[in-house]
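Chemist: One structure follows; several queries about it will come next.
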Amino acid sequence: MRALGVGTLAAALCATACASQLLLDPQLSTADVAAARTSTFGSEVLARFRENRARVRRVSYQLVSRGARLCGDFRLPDAGMLLGTKDSFRSFLGGSDLQDIANQAYELEDGITVLYVVPDSVLAAHDVRAGDVLAEVGGQKVATLEELNERLFELREQPVPFVFTRGGRAMAVEAQLPLVCGVPVNYSGDFGLMTFQDGNTVAVPYGMIDAAASDDELGIAIAHQIAHVLVGFASEPVPDPEATADRVGLLLAAEAGFDVSGAPAFWERLASEDPWRIPDSKGFQTERPSAFLEGGRNLYPTLQLHVGIGRRMPAIRATVQEIVASSRR
Amino acid sequence: MMSKACRSRLCRVLSSTFIATSLALGCAQPSAPTDEELALYEKGLDRWLERTAQLQTISQRIRVAGKDLCGAEISPVLGVVLIRVPELPRSLREAGKRRFGPEDSVRVIGVLEGFPAQRAGLRAGDEILGVDGNRVVSTPHVYGGDATAAPKLALRIVRGGETTEVSVENRLGCSYAAQLVDSEEINAYADGTRVVFFNGLLRAFVRDEPIALVMGHEIGHNIQTNTTGQRSGGVVGEARADYIGAYLAERAGYRLTRGDFGLAEIEFASPRRLVAKATTHPTGPARVLAFQRTLAEIASKRESGEALMPNVAAGPLR
């Protein structure tokens, strides 16, 4: 208690001369930390976390909803929102437990909270907002995201009654959710550069949020991984998964309304950052910086030829030209 | 998760696409690099060399500016940017050989304005064979050698095929040289002897000022380690490294603003740093508040004409 008092007093009186004393005295810096938790800077940190997640959701929703035709039957209903609970942020694709930061960023209470609503979505049109709590779907209470997804799948392709609560009041909304490509896309928050996937889900690291100069570039990077997931579900083995993912990814991004004309320059820029991706490799995937380890690298075996970005660029350019030409007609 | 019927329908959607792709690619076998690949490697090499030059410029300016804080851990700082093909990232070595030749010698690719090498006429293309009588076999030998009291150093170089000797001023600075490693991670660390920067950090930060702040921070850790004799971790160690780092960067001529606290950017980006219970990089907000106060302290010293000396009355640096 005494240390806290001294800290607060020192902070209040602190002119520039105090700065070094403040920094070098462990007691005071602890008090500083306590005071700073409620500072506006603290909320900036959390706001940026929310923004990055919202950007990933918005861009990926555009891909999976407007590009749904390319996914054939592989579709799921999508509410066009980011939802969260006090358990839904635990370890993801080998990354960290983000639950603490999510609890702070979104002030999560019990139940399913709406964290973000994609602007063009069906529920946005019904004025559902961040902060609302999703209480019921199809007349049943839902407490976890798994329950919600099951319920939405059962009620697909028909109008669904939702009940949201806002400030204690209940709001009834009836809406039919679109069927979109059934590939979840999440912001993983780690420092890797390239988007990645595990066969079912796509992850977008901070490095890509930072490297993608526009939503078009982010869309191209995410679409490539969605394409990998789709290719992985093909019942026949695909002879060249990378080149196929390149082509399907570009077609998907273009179908969804993204401008893919900058794709070759984008991949070139990324390739110059990660030149190990340029050549073909066989036997072992060479020195891939691990997306899951901070500063770590791992080698993992691959049984088939991995075609490097170098040899894929002509086909990428050809696909882009084809898309640009057909959009002019 | 998906029904067989679903898969086959999906397969029809895909098969038309990958037939087109297979026709475009022919048989995918590893073969000689295409022109496209070679062009990409050249771009990758350009980018690596740019980053090397940026890192070494910042490093050597700060090392000289911080000399009085480094005690006995000093070495000559010549102001050269070097390359050695075997030290390039593996995927760029072939491109490096095409550009610089097959030998594994230490080559100059740039010189820093106003530093001893530039003043002595050293230039891009020179190969360095020896410094002060010591044979040079790798770039760290040149970036940080043994400190002597001699006012000048003799450099043995090869220029245009001929071996010659150049005399350079023996300008001393902190011995904590910088090394660039090929990793997309956004990170940097100090190990008591040098500082290591990951390529990803230079990619993410872009500008000199936030990189200079991290350089000062990491050198600040090395200063603490070698002065107190123990690993300078924890809340206090990090706070001191921030504090010393700001002073070092400002002394070297990098004018910092609040936005340069790139470490804070990384706090924004990686919520993992905020939740980490470990003491490595503690809560962001306090550090940024402290950084703002440090900038104000430095600004007031500039205004009053005082030397930019970090307040060390508490004793950790002596």
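The values are calculated or read from the model by the stated rules, or taken from the named source; none is laboratory data. Note that the structure is a prediction, hence the values are computed from the model and not measured. As a convention, Cβ positions derive from the backbone with ideal geometry for all residues, glycine included, and neighbour counts pool all protein chains shown. Heavy atoms of the whole protein, side chains included, go into the accessibility calculation; ligands, DNA and RNA do not. Shrake-Rupley method; radii C 1.70, N 1.55, O 1.52, S 1.80 Å.
Chemist: What is the spread of the Cα atoms of the stretch B:138-259 along each of their three principal axes, largest first, in whole Å?
Modeler: Computed over the Cα atoms, the extents are 52, 33, 26 Å.
Chemist: Follow-up question, since we're still on this one. If you take the accessible area of B alone plus A alone and subtract the pair, what total do you get in square angstrom, rounded to 100, with a 1.4 Å probe?
Modeler: The B and A chains share an interface burying roughly 7300 Å².
Chemist: Based on the mean of other Cβ atoms within 10 Å per residue, sort peptides B:46-55, A:216-225 so the most packed one is first.
Modeler: Numbers: B:46-55: 18.4, A:216-225: 26.0.
Going by the mean number of other Cβ atoms within 10 Å, highest first, we get A:216-225, B:46-55.
Chemist: Shifting gears a bit: Could you compute how much accessible surface B:T57 exposes when probed at 1.4 Å, giving the result in Å² to the nearest 10?
Modeler: 40 Å²
Chemist: Over the whole of B:193-202, what's the average partner chain Cβ count within 10 Å per residue? Rounded to a whole number, please.
Modeler: 2
Chemist: Then there is this: When a/c reaches 1.5 or more, the comparison of a/b and b/c decides; with that in mind, is the stretch A:60-194 rounded, prolate or oblate per its Cα gyration tensor?
Modeler: Oblate.
Chemist: In addition: For the stretch A:79-232, with the dipole built from +1 on Lys and Arg beta-carbon atoms and -1 on Asp and Glu ones, taken about the Cα centre, which of A:A79, A:G199, A:A212 lies farthest toward the positive end?
Modeler: In the stretch A:79-232, that residue is A:A79.
Chemist: Let me ask something else about it. Rounded, prolate or oblate for the stretch B:110-154? Axes are the square roots of the Cα gyration tensor eigenvalues, ordered a ≥ b ≥ c, and the cut-off for rounded is a/c under 1.5.
Modeler: On the way: a/c = 1.81, a/b = 1.18, b/c = 1.53.
Because a/c hits 1.5 or more and a/b fails to exceed b/c, the stretch B:110-154 counts as oblate.
Chemist: Calculate the mean, over all residues of peptide A:230-236, of how many other protein chain Cβ atoms lie within 10 angstrom of the residue's Cβ.
Modeler: Mean inter-chain Cβ contacts per residue within 10 Å come to 6.
Chemist: If we sort A:57-66, A:101-110 on the protection proxy, mean other Cβ atoms within 10 Å, highest first, what's the order?
Modeler: A:57-66, A:101-110
Chemist: If you take the beta carbon distance between A:D127 and B:M309 as r and set R0 to 56 Å, what does 1/(1 + (r/R0)^6) give as a FRET efficiency, to the nearest 0.05?
Modeler: The calculated FRET efficiency here is 0.40.
Chemist: Take every residue in peptide B:33-45, count the Cβ atoms of other chains within 10 Å of its Cβ, and give the average of those counts.
Modeler: The per-residue average across the peptide is 6.
Chemist: Can you work out the FRET efficiency for the pair B:S300 and A:A47, with r the C-beta to C-beta distance and R0 = 30 Å, to the nearest 0.05?
Modeler: Details: r = 31 Å, r/R0 = 1.03.
Calculated transfer efficiency: 0.45.
Chemist: Further, regarding this structure: Express in nm, to one decimal, how much length is gained between A:R317 and A:R329 on full extension, taking 0.36 nm for each residue of separation and deducting their alpha carbon distance.
Modeler: Using 0.36 nm per residue and subtracting the Cα-Cα distance, I get 2.4 nm.
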